[in-house]
Amino acid sequence: MRRIKKNSPQSLYSALKGRMTVVSVLIVGFGLALAGRLVHLQIFQHDDLLSQSRKQYVRTVEIATGRGHIFDRNRSLLATNLDVESVYIDPREIFDPVATATTLARTLNLDPKDVLEKVQSKKHFVWIKRKGRLDEIARLHQLDLPGVGFIKESKRFYPRRQLAASTLGFVGLDNQGLAGIEHEQHSLLKGKLRRKVVEKDARGRYLQTGLGEDPLGQRNRDLVLTIDEVIQFYAEQELEKQVRASQAKSGLVIVMDPNDGGIYALASYPGFNPNNFAAFPRTLWGNPAVSNAYEPGSIFKPIVVAAALEEGIARPNDIFFCENGNYEVGGVHIGEAANHKFGWLTLQKIISKSSNIGAIKVAEKLGENRFHEYIRNFGFGSRLGIDLPGETAGTVRDLSQWSGLSLASISFGHEISVSPMQMTAAMAAIANGGLLLKPHLTHAMLKDGEMVAQPERQVIRRVLTRHTSRQMIDMLKQVVKNGTGKQAAIPGFEVAGKTGTAQKIDPETHTYSTSAYLASFIGFVPADAPRLVILVMIDEPQKSYWGGEVAAPVFQRLAEKTLRYLHIPSSKERVFVLDRT
């Protein structure tokens with residue numbers, strides 16, 4: 001056998017061939033491994049890798065849009081939506097966190113420390129400012145900062161600003177109703193929750209796309225309120241004027257239609273602007289007409305008198321001895337307001353002169369059981385169900401908790417707390433023939449501008465017969481003609497009503513204050529065919545605290561303007577029309 005020399009050409013060729021074979025095997029093996037890996041990535045891990053890729057370049061944010069509008073009864077816009085922009089960042093795309101945070105804070109009027117903390121976050125998506133002002137957003141657009149993006153959102157806007165603010169309420173950043181009718185009717189008004197997809201281009205700049213958005217569909221229903229913006233304006237105007245003039249703590253006004261329970265106006269002062277509600281004290285956000293309870297004072301006297309008439313234990317001309325201004329009940333001496341000393345008074349004059357002792361005598365004749373029953377029947381001590389949040393039931397104690405003084409005290413509006421709305425509904429029942437109606441603010445619901453629902457009048461119960469209602473109307477007219485409510489008189493109209501001056505409880509001594517009063521007047525007009533029930537309450541007036549002097553003039557001015565606005569003819573105008581026909 002011939003031996004091949006070690007360094008011969010044949011040996012070199014054989015070695016090279018072996019090496020080529022090994023390299024080829026390695027290349028084939030690597031290729032097969034690479035192909036296998038590609039198959040694994042492309043087929044078995046495709047969805048997972050695609051998802052991870054999209055996480056780097058795509059963000060999905062849920063945005064609430066299309067919240068329903070709110071209108072007054074004449075379709076005047078009270079709440080709508082504006083298109084605004086919100087600012088967000090991807091901290092990983094920001095190369096100079098301190099400089100960027102400083103610029104964002106200065107441009108958007110934010111706390112630099114809070115912004116820097118967000119810029120240094122490890123998250124991929126961080127909100128910087130939701131629903132910014134147009135001028136702020138415009139300046140930020142011009143700066144074109146890396147890692148900063150914008151998303152269009154919908155912002156709630158109240159074009160009438162403070163008008164009816166405590167009734168409308170407001171919404172939060174995510175269009176969640178937080179107060180007022182916005183909260184109570186949120187499920188109807190809330191709009192749609194839609195997904196906004198945000199992508200980055202090859203240079204890392206943010207783009208807003210329509211990919212992944214829910215279809216627009218139809219907007220949620222709009223809401224039409226019973227509120228009339230003109231009457232609401234009159235109420236707020238007259239209320240503010242009187243609160244300021246009397247240097248009072250606060251005040252409120254309710255204007256109701258006594259025939260269906262619809263609310264024309266709910267005014268409270270001081271108020272707030274729902275477009276910037278956070279700038280005002282939280283104590284102003286609620287609606288005191290439904291959420292606060294007060295001792296009503298003498299405006300409660302018609303309740304005990306109406307109960308006595310309904311039970312047949314007294315008639316308008318029956319007389320009661322009023323003890324010349326000093327009556328002892330349960331070891332306590334009770335007097336009259338302004339130290340009046342009344343002797344014999346008819347039931348009619350007990351109301352018109354607002355005699356405390358006369359009211360006690362009527363209550364004693366009625367008795368605890370029947371009086372308590374009528375108080376409850378008139379709606380006191382329970383919620384009426386008005387479509388506003390935070391309604392209070394007030395305080396009506398069980399008979400078992402009454403003291404020897406309770407019957408007397410409650411007869412003239414002490415030892416009981418009621419909401420202004422309860423008091424207004426009770427007076428409406430006296431005015432409308434004896435029906436206690438559910439007060440309401442919802443006039444209609446719309447879809448695509450067309451009415452789809454309109455709540456009907458809801459009668460809670462009958463509390464008086466028509467005959468008793470008629471008797472009460474005649475007696476309450478005398479309050480304005482010849483009694484304590486003369487300043488509520490309106491030329492050309494007969495007005496029925498009742499004044500009230502309630503001593504407030506001193507929170508420190510828990511006794512009745514000698515300096516803090518709640519002045520009120522409640523009445524209706526035209527008396528014989530009522531169209532308006534109006535309650536005026538002025539809290540802690542400083543100059544005069546009598547309801548007939550402080551609250552009654554507000555009723556007079558507001559009612560006169562409203563009657564003219566609603567084209568309700570005066571007695572002279574009605575006579576003129578009859579003469580012509």
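What is the number of the single condition among (1) under 17 Å from Gly413 (Cα atoms); (2) more than 28 Å from the chain's Cα centre (by Cα) that Pro491 does not meet? Failing condition for Pro491: (1).
Condition check ((1) over 40 Å from the mean Cα position of the chain (by Cα); (2) assigned by TED's automatic domain parsing to the domain that holds Val396; (3) modelled with pLDDT under 95; (4) more than 30 Å from Ser166 (Cα to Cα)) across all residues:
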| residue | (1), (2), (3), (4) |
| --- | --- |
| Pro270 | no, yes, no, no |
| Ala338 | no, yes, yes, yes |
| Lys341 | yes, yes, yes, yes |
| Leu345 | yes, yes, no, yes |
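Inclusion of Lys481 among residues that are more than 23 Å from Thr226 (Cβ to Cβ), assigned to a strand (DSSP E or B) and in the same structural domain as Gln242 (by TED's automatic domain parsing) is not warranted. Screening the stretch 388-419 for residues that are of a type in the set (S, T, N, Q) and part of a helix (DSSP H, G or I) and picking the one that is surrounded by the most Cβ atoms within 10 Å (Cβ to Cβ) gives Ser411. Scanning the stretch 374-387 for residues being in contact (Cβ under 8 Å) with a residue 24 or more places away in the chain and either in a helix (DSSP H, G or I) or over 38 Å from the mean Cα position of the chain (by Cα) (or both) gives a total of 3. Suppose the filter is at pLDDT 95 or above and closer than 27 Å to Gly483 by Cβ; does Ala306 pass it? Here the answer is yes, as Ala306 does meet what is asked.
The residue list Ala516, Ala502 contains one member that is small (Gly, Ala, Ser) and touching a helix residue (DSSP H, G or I) at 6+ places or on another chain (Cβ under 8 Å), which is Ala502. If you check Val554 against the conditions, is it aliphatic (A, V, I, L, M), buried (at least 24 other Cβ atoms within 10 Å of the Cβ) and either touching a Lys or Arg at 6+ places or on another chain (Cβ under 9 Å) or farther than 23 Å from Ser419 by Cβ (or both)? For Val554, the condition - aliphatic (A, V, I, L, M), buried (at least 24 other Cβ atoms within 10 Å of the Cβ) and either touching a Lys or Arg at 6+ places or on another chain (Cβ under 9 Å) or farther than 23 Å from Ser419 by Cβ (or both) - is met. The strands (runs of 3 or more DSSP E) found wholly in the stretch 243-347 and carrying at least 2 residues that are over 21 Å from Ala179 (Cβ atoms) and out of contact with any helix residue (DSSP H, G or I) (no Cβ under 6 Å at 6 or more places or on another chain) occupy 319-321, 332-334, 344-346. Among the numbered criteria (1) more than 23 Å from Ala314 (Cα to Cα); (2) buried (at least 19 other Cβ atoms within 10 Å of the Cβ), which one does Phe378 miss? Every listed condition holds for Phe378 apart from (1).
Residues are listed down the side, and each one gets a yes or a no for (1) buried (at least 20 other Cβ atoms within 10 Å of the Cβ); (2) under 17 Å from Ile522 (Cα atoms); (3) modelled with pLDDT under 95:
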| residue | (1), (2), (3) |
| --- | --- |
| Asp228 | yes, no, no |
| Leu239 | yes, yes, no |
| Ala245 | no, no, no |
| Gly251 | yes, yes, no |
| Val255 | yes, yes, no |
| Pro258 | yes, yes, no |
| Gly262 | yes, yes, no |
| Asn275 | no, no, yes |
| Phe280 | no, no, yes |
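Going by the conditions given, is Glu153 closer than 30 Å to Thr442 by Cβ and at pLDDT below 90? So Glu153 fits the description; yes.
Quick grid of which residues meet (1) of a type in the set (D, E, K, R); (2) closer than 19 Å to Gln471 by Cα:
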residue	(1), (2)
Ala293	no, no
Gly297	no, no
Ile303	no, yes
Ala306	no, yes
Glu310	yes, yes
Pro316	no, yes
Phe321	no, no
Val329	no, no
Gly335	no, no
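Which residues, counting only those in the stretch 504-548, are among the small types (Gly, Ala, Ser), assigned to a strand (DSSP E or B) and farther than 12 Å from Ser246 by Cβ? If the condition is that a residue be among the small types (Gly, Ala, Ser), assigned to a strand (DSSP E or B) and farther than 12 Å from Ser246 by Cβ, then Ser513, Ser515, Ala516, Ser520, Gly523 are the ones that fit. Screening Pro97, Pro91 for residues that are surrounded by 15 or more Cβ atoms within 10 Å (Cβ to Cβ) and in contact (Cβ under 8 Å) with a residue 24 or more places away in the chain leaves exactly one candidate, Pro91. Taking the stretch 169-183 as the range and being buried (at least 22 other Cβ atoms within 10 Å of the Cβ) and more than 11 Å from Arg67 (Cβ to Cβ) as the test, the residues that pass are Gly169, Phe170, Ala179, Gly180, Ile181.
Quick check on the stretch 425-439. Is at least one of its residues surrounded by 16 or more Cβ atoms within 10 Å (Cβ to Cβ) and at pLDDT below 95? Checked the stretch 425-439: no residue is surrounded by 16 or more Cβ atoms within 10 Å (Cβ to Cβ) and at pLDDT below 95.
Conditions tested, residue by residue: (1) closer than 17 Å to Asn81 by Cα; (2) outside the structural domain of Leu108 (by TED's automatic domain parsing); (3) not small (Gly, Ala, Ser).
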{"residue": "Leu134", "(1), (2), (3)": "yes, no, yes"}
{"residue": "His141", "(1), (2), (3)": "no, no, yes"}
{"residue": "Gly147", "(1), (2), (3)": "no, no, no"}
{"residue": "Leu168", "(1), (2), (3)": "yes, no, yes"}
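The residues in the stretch 422-469 that are among the charged types (D, E, K, R), part of a loop (DSSP other than H, G, I, E, B) and over 21 Å from Pro526 (Cβ atoms) can be counted, and the count is 3. Condition (residue is closer than 20 Å to Ala267 by Cα, modelled with pLDDT of 85 or more and surrounded by fewer than 21 Cβ atoms within 10 Å (Cβ to Cβ)) applied to the stretch 566-575: is it met by at least one residue? Scanning the stretch 566-575 turns up at least one residue that is closer than 20 Å to Ala267 by Cα, modelled with pLDDT of 85 or more and surrounded by fewer than 21 Cβ atoms within 10 Å (Cβ to Cβ).
Here Ser354 passes the criteria (1) buried (at least 23 other Cβ atoms within 10 Å of the Cβ); (2) not in a loop (DSSP other than H, G, I, E, B) except the one numbered (2).
Per the conditions (1) modelled with pLDDT under 85; (2) part of a strand (DSSP E or B), the sole criterion not satisfied by Ala79 is (1).
Ile181 meets the conditions (1) in a helix (DSSP H, G or I); (2) out of contact with any helix residue (DSSP H, G or I) (no Cβ under 7 Å at 6 or more places or on another chain) in every case but one. The failed one is (2). Total residues in the stretch 448-468 satisfying the condition of being more than 22 Å from Glu229 (Cα to Cα) and touching a residue at least 60 places away in the same chain (Cβ under 8 Å): the figure is 9.
Just wondering, is there one or more residues in the stretch 485-503 that are surrounded by 24 or more Cβ atoms within 10 Å (Cβ to Cβ), in a strand (DSSP E or B), among the aromatic types (Phe, Trp, Tyr) and modelled with pLDDT of 95 or more? The answer is no, given that none of the residues of the stretch 485-503 is surrounded by 24 or more Cβ atoms within 10 Å (Cβ to Cβ), in a strand (DSSP E or B), among the aromatic types (Phe, Trp, Tyr) and modelled with pLDDT of 95 or more.
The values are calculated or read from the model by the stated rules, or taken from the named source; none is laboratory data. None of the values given here were measured: they were computed from a predicted structure. Here Cβ is always computed from backbone atoms with ideal geometry, including for glycine, and neighbour counts include all displayed protein chains.
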